[in-house]
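Worksheet for the structure shown next.
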Amino acid sequence: MLNITDVQIKKVEHDEKLRAFASIVLDGCFLVGDIRVVEGEDGYFVSMPSRRKRDGRFVDICFPLDTPTREFIEEKVLLAYEAATGAKAISRPEKGEVGQVRPDLLNVEEFGFTPKTNP
């Protein structure tokens, strides 16, 4: 598994969504910089380094190849962001902390479903 030996956070002020830039060091010998901490509509997330192509599109220049690795990097970066800024960037369901619950999704009868009852 990937070993992140250091995470550096540089807070960004006065931007609508961008909150910080992060750099991670892998196994003490490989640095990945320009990782962005972004606050979106559903909370904070990590955006990988990218560059603009001639046609105006942005493409990532390095990125995880699987979901567990992406989640691992995101967790490490967001925890470092929390430690550096004091802002809460990640929810922790295992500690009873959850994100926003939409009450409109809780009533299954509204969608034509009938809850199961135990005999």
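Couple of notes before you dig in:
- Residue identified as modelled with pLDDT under 90 and of a type in the set (Asp, Glu) among Glu109, Glu39: Glu109
- When the stretch 1-47 is filtered for residues that are closer than 19 Å to Pro68 by Cα and not in a strand (DSSP E or B), the ones remaining, listed by number, are Met1, Leu2, Asn3, Asp27.
The values are calculated or read from the model by the stated rules, or taken from the named source; none is laboratory data. The structure displayed is predicted, hence computed values, not measured ones.
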